[in-house]
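Asks: Just passing along the structure, written as structure tokens.
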Amino acid sequence: MLKPQRSYALSDLPWTDVALHLRRDRRLIIPVGACDQSGPHLPVGAGTCVAEALARDLSQEFGVLRAPAFPYGVNLPGEATYAGTAALHPKTLHRAFMELLASWALQGFDEFIAITANVHAPHAEAIATIRAAGARVRVVEALSVDLRELLDAGGEPEHAGEVLTSLLLHLRPDAVRMYAARDYRMDPEKARKFVGGRLKRIPSKCEGAVGRPTLGTAEKGARIYEHILQKIRLKVFIAPPADEPEL
């Protein structure tokens, strides 16, 4: 019988084990998600699934504690009309994290690694500006990694398109409905404004996904996931330069 793999998740450990671990490693990985729509073919909050998977795998590989996923973030304008979505104001997200990190810093954690898979600019900025007294805060925007060489669409701006669809087909194939995937291509400049949150509303003909989700495959998702994982390994865990910007 295989020996069960040790868990580094705070939700699986008593406080005494956490305190013992802090004697040798004071880092904490925090997956940050969002309760946002991802088209008619992916589950609400698909990005949370990606952030959780990355946090879990890195936690196990490097023996670093990880916090429960924070499943709410700042959504794209207009997503409030999509059933099931829920968003926080950027200042609310920022304050919530400041309070959480302050609690953990008092207990001895001195480095926080926040991993998110939401490139929406206000969401990313709310996390990137978080500070904790006496601790280092590092933010990894997983989907900001250059993936153009792995994509058929060439890395055009997207939301729930080829990248996220492929990742979910790899990580949670049971949750993907490819029969419902619909491509919706925008002018590149307009698409960048959409993904960045500078458009006031989602176009009426769009069902939520922007880009070409029909190009997504599980095999492509595996390659994308490993590429992102390797980037984070090298930048954050193996040889993180003190003055190099985060991903």
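The values are calculated or read from the model by the stated rules, or taken from the named source; none is laboratory data. The shown structure was predicted, so the numbers you read here are calculated from the model rather than taken from an experiment. Neighbour counts are summed over all protein chains in view; Cβ atoms, including those assigned to glycine, are modelled from backbone coordinates with ideal geometry.
Asks: Any idea how many residues of region 148-164 are over 16 Å from Ala191 (Cβ atoms) and in contact with a His (Cβ under 8 Å, 6 or more places away or on another chain)?
Replies: Going through region 148-164, the residues over 16 Å from Ala191 (Cβ atoms) turn out to be 149-150, 152.
Now narrow it down to the ones that are in contact with a His (Cβ under 8 Å, 6 or more places away or on another chain): 150.
Result for region 148-164: 1.
Asks: From (1) within 26 Å of Gly63 (Cβ to Cβ); (2) surrounded by 14 or more Cβ atoms within 10 Å (Cβ to Cβ), pick out the condition that doesn't hold for Gly134.
Replies: Of the numbered conditions (1) within 26 Å of Gly63 (Cβ to Cβ); (2) surrounded by 14 or more Cβ atoms within 10 Å (Cβ to Cβ), the odd one out for Gly134 is (2).
Asks: Oh, and also: Based on this model, can you work out whether Ala124 counts as modelled with pLDDT of 95 or more, at negative phi and in contact with an Asp or Glu (Cβ under 6 Å, 6 or more places away or on another chain)?
Replies: no
Asks: A further question follows. How many residues does region 113-129 contain that are outside any helix (DSSP H, G or I) and surrounded by fewer than 22 Cβ atoms within 10 Å (Cβ to Cβ)? Don't jump to the end; show me each part of the working.
Replies: Going residue by residue through region 113-129, those that are outside any helix (DSSP H, G or I) are 113-120, 129.
From what is left, the residues that are surrounded by fewer than 22 Cβ atoms within 10 Å (Cβ to Cβ) are 119, 129.
Of the residues in that region, 2 qualify.
Asks: Return the residues of region 46-77 that are in a loop (DSSP other than H, G, I, E, B) and either more than 12 Å from the chain's Cα centre (by Cα) or surrounded by 23 or more Cβ atoms within 10 Å (Cβ to Cβ) (or both); say none if nothing qualifies. Break it down into steps so the answer makes sense when it comes.
Replies: Of all residues in region 46-77, those in a loop (DSSP other than H, G, I, E, B) come to 63-64, 67-69, 71-77.
Passing the criteria: Gly63, Val64, Ala67, Pro68, Gly73, Val74, Asn75, Leu76, Pro77.
Asks: Could you please let me know if Gln5 is touching a Lys or Arg at 6+ places or on another chain (Cβ under 9 Å), among the polar types (S, T, N, Q) and either closer than 17 Å to Ala114 by Cα or not in a helix (DSSP H, G or I) (or both)? Walk me through how you get there before you give the answer.
Replies: Numbers: touching a Lys or Arg at 6+ places or on another chain (Cβ under 9 Å): no; among the polar types (S, T, N, Q): yes; either closer than 17 Å to Ala114 by Cα or not in a helix (DSSP H, G or I) (or both): yes.
Considered against the rule, which asks whether it is touching a Lys or Arg at 6+ places or on another chain (Cβ under 9 Å), among the polar types (S, T, N, Q) and either closer than 17 Å to Ala114 by Cα or not in a helix (DSSP H, G or I) (or both), Gln5 comes out as no.
Asks: Please specify each residue of region 73-121 satisfying the condition of being in contact with a strand residue (DSSP E or B) (Cβ under 6 Å, 6 or more places away or on another chain), aromatic (Phe, Trp, Tyr) and either modelled with pLDDT under 95 or more than 30 Å from Trp15 (Cα to Cα) (or both).
Replies: none
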